[in-house]
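What follows is a single structure, written as structure tokens, with notes after it.
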């Protein structure tokens, strides 16, 4: 489990055999290509890559225009299951594959493109006809030949439609013109403006100032408004009929060829992606150089498969090498949580195994409800059994979270807002497992609330402690161990003994003056040890260690500067001390804030209990309250389930990962997507 060791491999082969080698590497699968930036792209592969990309782009555009989903939705998966028809493509090499794909895709692309273009043109034509119909509708009762207006020699005549409020202004602006106004609607009027030829420019200028244009009927229509309106109505009906037929053909073709279209798109994408990752094959004229990474366990198989080529192996210890995660079920699904931050870089610890254990526990604590946890578990089980490969992983995560919520719900006695121990038939059985009573007599049990928040903070301290330990282990693997001794180890000591001193401070009654003399037992630690541990005895140990760790961090910065001078880094000791003080203060505030942040584990459990208590009160109104109770449970499950997931992710990303995990690695990508 964790990160698999990799081996860097370099293949040297004749360029004439490059195409065959690419096919063989695709069949081998477990090869992560690494292309040098300075390398020149192979002309043959570049040409194939261009063709593959063009084909993929054309198919992808069609898929988007036809609104064909690339994968079934979650609801479809739940209802019908995940069923994807596989279409096997075979070819002797990449050039042959691309040629076959182009030949197979050409008639489908041509037919669908033609239908889409026809549909677009018809819709535009209908839009134009509808606009013209609306314009002609208002003046269809006018018996006027617009084509005859420009034929007058001595008169300049304009027929137009203007707003009623502008008609009066136009008349005042053109006193020498004769203007006939005829109301069309409440807001518009038809205007026939008659003037002399010498007034033509003035008439046009005045009309333009009111944004009024001469009314023109297209030349392919009769120039009489009434006749033109009849023709437009007939043409609009014909265009709508043709559009209906075209859309029916397009839908029929879409249903018939959607599977084939998606298959061709995916094949073109695979060809484009694979060739683009391998098209840079060195700068040698007659030989190709292919570099990449393979798992160490595949070295013998690789040697046997490519024994006819010159092979160089190198143990992969580069900082920029890819990361291959090899976790198995039930841990593997939780790689989705790890990759939220990013893949671990070379030499970095993979936190996925710990996340697989901790993430569901956190979720269950915040979402503790026996009934709703079971519903969540069943939903995850459905995704696991019927979902796509990616949904199966999320289904397993949801199953783990639901199982955890079910257990916590049994421990606190919550079931759909009802008290689990009071349910008929099963109540007596679950009473023996109940540890806390959250709600009593219409309010929260103060003792249970205090216990929950205390446990939440304790869990947070343990979680942060694990992160700091992992940071120390990571430092042990690093070549430069200066930071390990100047920051990571003292930070771990500062936190551990700082938590111990904080407990002593609480036991002393929050009094700094009595923390070294108080004989009060320290909470939690006394319970763990089994005998009273006084605040004075614990603080006498933890306080000196905290002070030493703090001083260690402060002087660690100038010490790190002195030791790093040989590497070209220069910094004055005084500035180093200042930076050390700032580092210590930042660590102190960070540790305090991070630890308190884990109180959300208990707070969200209390919020859930409060919401469900309010929902359950609807049952007091009788049978009419049952639908409200059901809807309320569904609403809380949906909304709070999402909120709890976000808070769980937040605790890992901001409170935990920041202690040891960078996630700046490059995931190992097999040559076969």
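The values are calculated or read from the model by the stated rules, or taken from the named source; none is laboratory data. Computed from a predicted structure; not experimentally measured. So basically every Cβ, Gly included, is an ideal-geometry build from the backbone, and we count neighbours across all protein chains shown.
Structure notes:
- Flag for residue 262 being surrounded by fewer than 19 Cβ atoms within 10 Å (Cβ to Cβ) and touching a residue at least 40 places away in the same chain (Cβ under 8 Å): no
- Count - residues of the stretch 614-633 that are surrounded by fewer than 17 Cβ atoms within 10 Å (Cβ to Cβ) and in a helix (DSSP H, G or I): 11
- Enumeration of residues in the stretch 280-313 that are modelled with pLDDT under 85 and closer than 20 Å to residue 666 by Cα: 280
- Count of the stretch 403-420 residues which are over 17 Å from residue 361 (Cα atoms) and out of contact with any strand residue (DSSP E or B) (no Cβ under 9 Å at 6 or more places or on another chain): 4
- Any hit, the stretch 210-226, residues being in contact (Cβ under 8 Å) with a residue 40 or more places away in the chain, farther than 20 Å from residue 132 by Cβ, over 45 Å from the mean Cα position of the chain (by Cα) and not in a helix (DSSP H, G or I): yes
- Residues (surrounded by fewer than 16 Cβ atoms within 10 Å (Cβ to Cβ) and either part of a strand (DSSP E or B) or touching a residue at least 60 places away in the same chain (Cβ under 8 Å) (or both)) located in the stretch 189-209: 196
- In the stretch 121-136, the condition of being under 35 Å from the mean Cα position of the chain (by Cα), at pLDDT 90 or above and crowded, with 19+ Cβ neighbours inside 10 Å is met by no residue.
- Residue match in the stretch 466-488 (condition: assigned to a helix (DSSP H, G or I), surrounded by 21 or more Cβ atoms within 10 Å (Cβ to Cβ) and without any contact (Cβ under 8 Å) to a residue 24 or more places away in the chain): yes
- Within the stretch 337-352, the set of residues being within 23 Å of the chain's Cα centre (by Cα) and within 22 Å of residue 465 (Cβ to Cβ) comprises 337, 338, 341, 344, 350, 351, 352.
- Boolean, residue 404 is surrounded by fewer than 23 Cβ atoms within 10 Å (Cβ to Cβ), over 30 Å from residue 475 (Cβ atoms) and in the same structural domain as residue 435 (by TED's automatic domain parsing): no
- Qualifying residue in the stretch 422-437 (condition: in the same structural domain as residue 604 (by TED's automatic domain parsing), touching a helix residue (DSSP H, G or I) at 6+ places or on another chain (Cβ under 6 Å), surrounded by fewer than 17 Cβ atoms within 10 Å (Cβ to Cβ) and closer than 30 Å to residue 593 by Cβ): yes
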